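Participant: First the structure, then my questions, so here it is.
The values are calculated or read from the model by the stated rules, or taken from the named source; none is laboratory data. Keep in mind the model is a prediction, meaning the values are calculated, not measured. Neighbour counts are summed over all protein chains in view; Cβ atoms, including those assigned to glycine, are modelled from backbone coordinates with ideal geometry.
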Amino acid sequence: MTLDLKQLAQLQTLFKALSSGIHINRLQDTELWMDLEKHYAGYESLFSALGFALVMDGRGFAYFKTEQASSYTGKLSRRLALFLMLLFEYQADQGLHLFQFQQWRVDGPLLEALSQHYHALLEAEEMASAQALSEILDRAARVGFTLFEDGSYWLLPAVHRYLDLFEELAQADKPDLDETVTASSPLDALGDLEQSEEAL
């Protein structure tokens, strides 16, 4: 396959973002997404030749799949995973549907409620205050998982990566029918998450 690099108008911008661990979101990065979608075969082939696996998820986000994470992204991933796991649990208890997470307004009162409700778990990760949770969401915004707008945080489509992993872990934890159901803690699940081949 012969590549015409002139057609890949967003090559430099896309590579810089994706290789930094940033997720491209369809609704927030419209110009980049449209170019990536239009010339996907060319981008995928070029990035593959450079040793990068481009994933373009139909739910509206794209990223480089990697099995290794830096110490920074690893720590961020663990803390964001814990936050999202607890957020999903809390919102489910409120009767909200998990797959509608993009409609949730994550604001100060909700962060405060989470910090109080899950204080012991969050304290173990040194993120027990609403301010600490806000800082995690700010960092997550830099790599395309959240958006801060109108005084609140909003979860972006890339959060599906975490939700998918949580569901996989939940399925893996399901015992045989003749065994007693035992619930693993979020921190146990996070240990499994870190072992995943798909480092976030």
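Participant: Within the range 2-19, take every residue that is at pLDDT below 90 and part of a loop (DSSP other than H, G, I, E, B) and give me the one that is nearest to M56 (Cα to Cα). Give the steps one after another, and end with the answer.
Facilitator: Taking the range 2-19 as the starting set, the residues that turn out to be at pLDDT below 90 are 2-9.
Applying the additional criterion that residues be part of a loop (DSSP other than H, G, I, E, B) yields 2-4, 8-9.
Values: T2: 22, L3: 19, D4: 21, L8: 16, A9: 18 Å.
Restricting to residues being at pLDDT below 90 and part of a loop (DSSP other than H, G, I, E, B), the top hit is L8.
Participant: Look through F99, F83, F64 and report the one residue that is in contact (Cβ under 8 Å) with a residue 12 or more places away in the chain, on the phi < 0 side of the Ramachandran plot and in contact with a strand residue (DSSP E or B) (Cβ under 7 Å, 6 or more places away or on another chain). Before the answer, list the steps.
Facilitator: On the way: F99 fails: in contact with a strand residue (DSSP E or B) (Cβ under 7 Å, 6 or more places away or on another chain); F83 fails: in contact with a strand residue (DSSP E or B) (Cβ under 7 Å, 6 or more places away or on another chain).
F64 is the lone residue from the list that is in contact (Cβ under 8 Å) with a residue 12 or more places away in the chain, on the phi < 0 side of the Ramachandran plot and in contact with a strand residue (DSSP E or B) (Cβ under 7 Å, 6 or more places away or on another chain).
Participant: Let me ask you something else. Would the range 53-74 turn up any residue that is surrounded by fewer than 14 Cβ atoms within 10 Å (Cβ to Cβ), part of a helix (DSSP H, G or I) and not hydroxyl-bearing (S, T, Y)?
Facilitator: No, the conditions are met nowhere in the range 53-74.
Participant: Go over the candidates A120, A141, A113 one by one and state the one that is of a type in the set (A, V, I, L, M), under 15 Å from the mean Cα position of the chain (by Cα) and not in a loop (DSSP other than H, G, I, E, B).
Facilitator: Details: A120 fails: under 15 Å from the mean Cα position of the chain (by Cα); A113 fails: under 15 Å from the mean Cα position of the chain (by Cα).
Result of the check over A120, A141, A113: A141.
Participant: Could you grab me the full set of residues in the range 18-43 that are in contact (Cβ under 8 Å) with a residue 60 or more places away in the chain and among the aliphatic types (A, V, I, L, M)?
Facilitator: I22, I24, L27
Participant: Further question: Which residues, counting only those in the range 97-120, are hydrophobic (A, V, I, L, M, F, W, C) and either over 26 Å from P157 (Cβ atoms) or at pLDDT 95 or above (or both)? Give the steps one after another, and end with the answer.
Facilitator: So in the range 97-120, the residues hydrophobic (A, V, I, L, M, F, W, C) come out as 98-99, 101, 104, 106, 110-111, 113-114, 120.
Once the filter is applied, which keeps residues that are hydrophobic (A, V, I, L, M, F, W, C) and either over 26 Å from P157 (Cβ atoms) or at pLDDT 95 or above (or both), the range 97-120 yields F101, W104, V106, L110, L111, A113, L114, A120.
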